[in-house]
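Asks: Sharing a structure below in structure tokens format, with a few things to ask.
Values quoted throughout were computed directly from the atomic coordinates according to the rules given, and no laboratory measurement underlies them. Predicted model, so just to flag it, every value in this text is computed and none were measured. Positions of Cβ are backbone-derived with ideal geometry, glycine not excepted, and every protein chain shown enters the neighbour counts.
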Amino acid sequence: MAIEIKNIFKAKQQIKDKVLVTPMVLSHVLSRLKNTPVYLKLESLQPTGSFKLRGATNAVANLNTEQLHLGVVTASTGNHGLALAYAANNAGSKAVVCLSNLVPKNKVDALRNAGAILEIEGDSQDHALQKAKNLMQQQGLSLIPPFDHADVIAGQATIALEILEQLPETATVVVPLSGGGLLGGIAFVLKTIAPSINVIGVTMENGCAMHTSLINGKPTVVTEVATLADSLGGGIGLDNQYTFDLVRKYCDKTILVGEDSIKKAIKHIYQHERLVVEGAASVGVAALYEGALDEYINCGPMILLLTGQNIDMELHRSIIC
Ligand SMILES: *Cc1c(COP(=O)(O)O)cnc(C)c1O
């Protein structure tokens, strides 16, 4: 299935009663700092705490009665797992999340609380993914991956339609980047409808699979390293179908930020914007602070996407004080 603009509008209709139209707020501090209007789009306020609910809700909405009855499966333990569990339960279906023995207890508890049925097996993410594929084949569950899936991408891309409605004069949109479902979908919509808007991806220096893949001209495996932006970890898949091409074709630039900048950004967002966000959500603010977005500040209003708030609160406390 190809990514088409009509499917993004369809996704917007399908998810409209189930996800939040998120507020876009002017940051006075960042606007003054850069002498240009800087807005924050608060996807962190979605139920389940991240934008991933858009893609998961749209993917579930596209299932037929038989598929809904059988349920969905994924191997993602982070924001996608939470979102899929919530979306499936909301639709009267069920979500199985496959995970390894290594997944920390707080994540396991969060998934269970979101209504996920857990399959704990093996000691690696690869094991978990294999288990998910087995369940798809044996029990007919629909496998919904976290980013490389047309319906997931269409769901995330609805953010771009909202931005165009909320602030048509937007000049630059800055998007946290991991597997590229979010950036690929948003960049596709903006470059199709309003091609003059700059679309920038930001990711962490430690283990940035898409950035490395873009440089190499093909999907590339990178070593995973610990990062405060844990939701941005993981590969893009050597058999990547959609997101690599979308990001390569439609994104203007990708920027890397270091761990110290991420820490400062989480702190800034708490102290000045009064918001709790996770590391992955803070990378746009980090890039702005570092001056890495300076070439875009004269273009006009800039939007930074705050993608999620699911940070361990002990960790958050240690960062802000
Ligand atoms: C998943 C995620 C991202 C990145 O989305 P991709 O589609 O994988 O690029 C960014 N921020 C948060 C909070 C996420 O959960």
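Asks: How would segment 148-189 be classified by its alpha-carbon gyration tensor: rounded, prolate or oblate, with rounded meaning a/c under 1.5 and the a/b versus b/c comparison settling the rest?
Replies: Oblate.
Asks: Given a cut-off of under 8 Å on Cα pairs at least six residues apart, what relative contact order in percent is computed for the chain?
Replies: 19
Asks: Test of understanding: ordering 317, 274, 54 by Cβ neighbours within 10 Å, fewest first, what list do you get? Walk me through the intermediate numbers first.
Replies: Details: 317 11, 274 7, 54 31.
Fewest-to-most ranking of 317, 274, 54: 274, 317, 54.
Asks: OK, next. In nm, to one decimal, how far is the residue 138 label point from the residue 267 one, both placed 7 Å along Cα→Cβ?
Replies: 5.0
Asks: Could you line up 313, 24 from fewest to most neighbouring Cβ atoms inside 10 Å?
Replies: 313, 24
Asks: Follow-up. Charges at C-beta only: +1 for Lys and Arg, -1 for Asp and Glu. How large is the resulting dipole of the chain about its Cα centre, in Debye rounded to 20?
Replies: Dipole of the chain, to the nearest 20 debye: 540 debye.
Asks: Note down the relative contact order for segment 61-149 as a percent, whole number, built from C-alpha pairs under 8 angstrom at least six residues apart.
Replies: Taking the mean separation of contacting Cα pairs over the length of segment 61-149, I get 35 percent.
Asks: For the chain, report the translational diffusion coefficient in µm²/s to the nearest whole number, using Stokes-Einstein at 25 °C, 0.890 mPa s, and a Kirkwood Rh over Cα pairs.
Replies: 126
Asks: Restricting the count to DSSP beta bridges whose residues both fall in the chain, what percent are antiparallel, rounded to a multiple of 5?
Replies: 15
Asks: Among 299, 251, 98, which one shows the highest mean-square fluctuation when the chain is modelled as a Gaussian network with alpha-carbon springs under 10 Å?
Replies: With Cα springs under 10 Å in the chain, the top fluctuation among 299, 251, 98 is at 299.
Asks: Among 9, 85, 120, whose Cα sits farthest toward the positive end of the charge dipole of segment 1-149 (+1 at Cβ of Lys/Arg, -1 at Cβ of Asp/Glu, about the Cα centre)?
Replies: Of the listed residues, the answer is 9.
Asks: While we're looking at this one, here's another question. If you rank 57, 22, 65, 36 by fewest surrounding Cβ atoms within 10 Å, what's the result?
Replies: Neighbour counts put them in this order, fewest first: 65, 36, 22, 57.
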